Amino acid sequence: VQLQASGGGAVQAGGSLRLSCAASGINFKIYSTAWYRQAPGKERELVANINPDGSADYTEAVRGRFTTSRDNARRTVWLHLNTLKPEDTATYYCHVRAYARDFWGRGTLVTVSS
């Protein structure tokens, strides 16, 4: 199982980015996919989770600003980050739990300047 994340970068506050996570080696359409982030000096936190049917949940800090979506045929999930704030600065990771194991994509860095 591999998760390939991409799309991070540096933006100013109020800007937008789109992160992608492409999965391989897994029956992607039957698993929920989550996005986590880890800011410097802080613990990794759950940002959003999207279920196989496309329903999604978000942590309070990003609700209304971030949107996650998926295309099961393309085995890809996206995280759209809008109205970014400096406190959104972190390394973002995609995650799938399958076969009783946790799989993580390589983190992608998002830096938001004020």
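The values are calculated or read from the model by the stated rules, or taken from the named source; none is laboratory data. Please read all numbers here as calculations on a predicted model, not as lab measurements. A quick note on method: Cβ atoms are made from the backbone with ideal geometry, for glycine too, and the neighbour counts reach across all protein chains shown. For accessibility, only protein heavy atoms count, side chains too; no ligands or nucleic acids. Shrake-Rupley method; radii C 1.70, N 1.55, O 1.52, S 1.80 Å.
List of remarks:
- Separation of the stretch 65-112 from the stretch 12-40 is 2 Å, based on Cα centroids.
- Radius of gyration and Dmax over the Cα atoms of the stretch 47-91, both given in Å: 11.3, 34
- Look at the alpha carbon pairs under 8 Å that are at least 6 residues apart: their mean separation over the length of the chain gives a relative contact order of 36 percent.
- Each residue of the stretch 29-43 was assigned a 3J(HN,Hα) from its phi angle through the Karplus expression (A = 6.51, B = -1.76, C = 1.60, θ = phi - 60°), giving 5, 9, 10, 6, 10, 10, 10, 10, 9, 9, 8, x, x, 10, 7 Hz with x at Gly and Pro.
- Per residue, the chain exposes 53 Å² of accessible surface when a 1.4 Å probe is rolled over the protein heavy atoms with every protein chain present.
- Three principal axis extents describe the C-alpha atoms of the chain; from largest down they are 41, 25, 22 Å.
- Across the accessible surface of the chain, with the other protein chains kept in place and a 1.4 Å probe, carbon and sulfur atoms take up 46 percent.
- Here the chain is assigned +1 on the Cβ of each Lys and Arg and -1 on the Cβ of each Asp and Glu. Its dipole about the Cα centre then comes out at about 260 debye.
- Amide H contacts under 5 Å for T68, placed H, 5+ residues apart: H80
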